[in-house]
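Have a look at the structure below, then the notes.
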Amino acid sequence: MQKDFHAANDRVRGDESQLQQAFMNLLLNAAEAMGNHGQLWVATELFGERRLKIFIRDTGPGIATENLTRLFEPFFTTKRHGTGLGLAICQRVAEEHLGGIEVQSELGHGSTFIITLPVE
């Protein structure tokens, strides 16, 4: 795993357990997408008026274009044994913390999830 932390040691105000659940879900999804062969990259940067962006990028197979618009929809899944709740929960957690989540993906080249949160 590569790390590239450009944000200062600012604090995000929120529920530590919920934030941890959201980040763990994104990291586990990335690891699962890559299997045993891939690269995981986590980065942070500050931007604008006290906003933090957290990037979680993998070199997995990427997400099909037709699935990108439904990705955060509850119960939508492409996994054989998935519930379709993980990314919906990540989105809810980000929004409850006055932030958001977006995804960029290219088939054959991986995906990047970008979580935006306010900092104190």
Report task. Kindly indicate the residue of region 45-63 that is touching a residue at least 40 places away in the same chain (Cβ under 8 Å) and more than 15 Å from Leu107 (Cα to Cα) and also surrounded by the fewest Cβ atoms within 10 Å (Cβ to Cβ) among those meeting that condition. Result -> Arg50
Query raised in the report: In this structure, does Thr78 turn out to be over 30 Å from Glu49 (Cβ atoms) and modelled with pLDDT under 95?
Result: yes
Query - Count of region 41-95 residues which are of a type in the set (Asp, Glu) and over 15 Å from the mean Cα position of the chain (by Cα) - result: 2
Query raised in the report: Quick one: would you say Gln20 is under 15 Å from the mean Cα position of the chain (by Cα), closer than 22 Å to Val119 by Cα and crowded, with 16+ Cβ neighbours inside 10 Å?
Result: no
Query raised in the report: Name the pairs whose Cβ atoms lie under 8 Å apart, with the first residue in region 8-22 and farther than 18 Å from Gln91 by Cβ, the second of a type in the set (Asp, Glu), and 6 or more positions between them or separate chains?
Result: Asp10/Glu120; Arg11/Glu120; Arg13/Glu120
Requested in this report: Exactly one condition in (1) within 18 Å of Ala94 (Cα to Cα); (2) of a type in the set (A, V, I, L, M); (3) crowded, with 16+ Cβ neighbours inside 10 Å is not met by Leu40; state its number.
Outcome: (1)
Query raised in the report: Among the residues of region 110-119, is any assigned to a loop (DSSP other than H, G, I, E, B) and touching a Ser or Thr at 6+ places or on another chain (Cβ under 8 Å)?
Result: no
Query raised in the report: Among the residues of region 64-100, which ones are without any contact (Cβ under 8 Å) to a residue 24 or more places away in the chain, assigned to a helix (DSSP H, G or I) and either exposed (fewer than 13 other Cβ atoms within 10 Å of the Cβ) or in contact with a helix residue (DSSP H, G or I) (Cβ under 9 Å, 6 or more places away or on another chain) (or both)?
Result: Glu66, Gln91, Arg92, Glu95
**Report entry** Lone unmet requirement of (1) in contact with a strand residue (DSSP E or B) (Cβ under 8 Å, 6 or more places away or on another chain); (2) closer than 26 Å to Gly82 by Cβ for Phe5
**Finding:** (2)
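The values are calculated or read from the model by the stated rules, or taken from the named source; none is laboratory data. The model shown is predicted, which means the values in this text are computed figures rather than measured ones. No Cβ is skipped: glycine too gets one built from the backbone with ideal geometry, and neighbour counts run over all protein chains shown.
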